[in-house]
Amino acid sequence: MTDPRPAGRGRMKLAARCRVATEAPAFGMVVFCAILFNAALMGVETYSGLAAEYRLVLQGAENCCLALFTLEMLLRVGACADRPKAFFRDPWNLFDLAVVASAFVPLVRENTTLLRLLRLARVLRTARFLPHLRILLVAVGRSLPGTASFLFVGALVLYVYAMIGWVCFARSDPGHYGSVGRAMLTLFLLTTLDGLTDAVRAGLQISRLSIIYYASYALLASFVLVNVLIGVVLNSLDEAREMEDEAKRAPAPGAEPDVRARIATARRALDEIEASLPPTADRPERRLEASHSGT
């Protein structure tokens with residue numbers, strides 16, 4: 001096994017200094033406050049009177065926030081100077097880099113709408129400094145496959161009940177069940193159980209069997225399917241917590257190569273020391289073995 005080539009001393013010193021700065025609690029607090037301040041600036045800009053009166057002040061504050069975010073990214077990149085691949089292994093680093101670097105792209109800076117959307121994406125960077133919010137975002141991402149299956153089943157149930165409602169109530173209540181589209185919209189609004197009482201009363205005036213239709217739909221759509229969705233999200237939340245705990249217990253990326261590099265350096269130093277020893281510095285055991293072999 002060959003020892004990895006250690007990073008240069010200059011890069012290691014740079015990485016150590018930047019790592020001390022980025023891992024300081026004050027650094028994270030300053031960046032977190034800057035993100036919130038940037039979000040407040042975006043809110044102030046929605047008031048046309050204030051935006052026109054304090055345009056230069058708001059623009060200067062935005063430039064200061066951008067300069068601070070740029071300095072933050074430079075420090076984070078510098079913290080991985082001795083192991084550049086570790087920077088790109090972290091998804092949050094890639095997200096932060098894309099959001100900050102997009103402000104310097106000429107086409108993006110000229111498009112006001114796109115620039116505002118990217119500035120709005122900076123608010124999501126607060127998840128980097130809030131572990132609980134980061135767990136929730138990861139849980140939402142991991143629940144997307146299960147949510148897609150839930151949406152398919154929900155749409156199927158909605159369509160079947162909409163067709164039944166169109167067949168049973170289209171003539172008597174065309175405003176709500178005149179077409180399959182209107183019926184699906186009506187049933188979708190009833191999923192929250194809001195207006196269900198009025199719908200049941202209107203249905204009883206048409207047929208007493210309508211109570212079975214609305215009761216079965218409320219039971220299936222509002223209780224069973226919603227609880228299934230909650231179960232999918234909770235399962236993903238548990239997985240996200242386990243991933244966060246494993247990430248805390250795991251060593252930092254690049255730590256093992258650093259240890260190996262130090263071991264390799266120590267071995268080379270020991271070899272140099274051993275080579276510099278004079279031949280007469282042999283151990284007594286070796287001289288005794290030599291005398292016995294001569295006899």
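Summary of computed values
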| quantity | calculated |
| --- | --- |
| Count of region 192-211 residues which are open to solvent by less than 40 Å² (accessible area, probe 1.4 Å) and either in contact with a Ser or Thr (Cβ under 9 Å, 6 or more places away or on another chain) or not polar (S, T, N, Q) (or both) | 5 |
| So residue 216, is it of a type in the set (Ser, Thr, Tyr), farther than 20 Å from residue 143 by Cβ and assigned to a helix (DSSP H, G or I) | yes |
| Search result, residues across region 142-152 that are farther than 17 Å from residue 246 by Cα and either hydrophobic (A, V, I, L, M, F, W, C) or surrounded by 14 or more Cβ atoms within 10 Å (Cβ to Cβ) (or both) | 143, 144, 146, 147, 148, 150, 151, 152 |
| Enumeration of residues in region 159-184 that are in contact (Cβ under 8 Å) with a residue 40 or more places away in the chain and either within 30 Å of residue 238 (Cα to Cα) or open to solvent by 50 Å² or more (accessible area, probe 1.4 Å) (or both) | 164, 168 |
| First in region 98-110 and of a type in the set (Ser, Thr, Tyr), second anywhere and part of a helix (DSSP H, G or I), Cβ under 7 Å, 6 or more apart | 102/108; 102/118 |
| Residue list for region 40-80, restricted to those being in contact with a Cys (Cβ under 7 Å, 6 or more places away or on another chain) and either open to solvent by 60 Å² or more (accessible area, probe 1.4 Å) or in contact (Cβ under 8 Å) with a residue 60 or more places away in the chain (or both) | 78, 79 |
| Residue match in region 84-99 (condition: among the polar types (S, T, N, Q) and over 30 Å from residue 20 (Cα atoms)) | no |
| Any pair with Cβ under 6 angstrom, 6 or more apart, that starts in region 208-236 at a residue that is more than 16 Å from residue 197 (Cβ to Cβ) and ends at one that is open to solvent by 80 Å² or more (accessible area, probe 1.4 Å) | 236/142 |
| Selection within region 131-141 - under 30 Å from residue 189 (Cβ atoms) and buried (at least 19 other Cβ atoms within 10 Å of the Cβ) | 139 |
| Complete set of residues in region 98-130 that are under 17 Å from the mean Cα position of the chain (by Cα) and open to solvent by 60 Å² or more (accessible area, probe 1.4 Å) | 98, 120, 124, 130 |
| Hits in region 109-152 - residues which are assigned to a helix (DSSP H, G or I), of a type in the set (S, T, N, Q) and more than 26 Å from residue 237 (Cβ to Cβ) | 112, 113 |
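The values are calculated or read from the model by the stated rules, or taken from the named source; none is laboratory data. The structure displayed is predicted, hence computed values, not measured ones. Glycine gets a Cβ as well: all are built from the backbone with ideal geometry, and neighbour counts include every protein chain shown. For accessibility, only protein heavy atoms count, side chains too; no ligands or nucleic acids. Shrake-Rupley method; radii C 1.70, N 1.55, O 1.52, S 1.80 Å.
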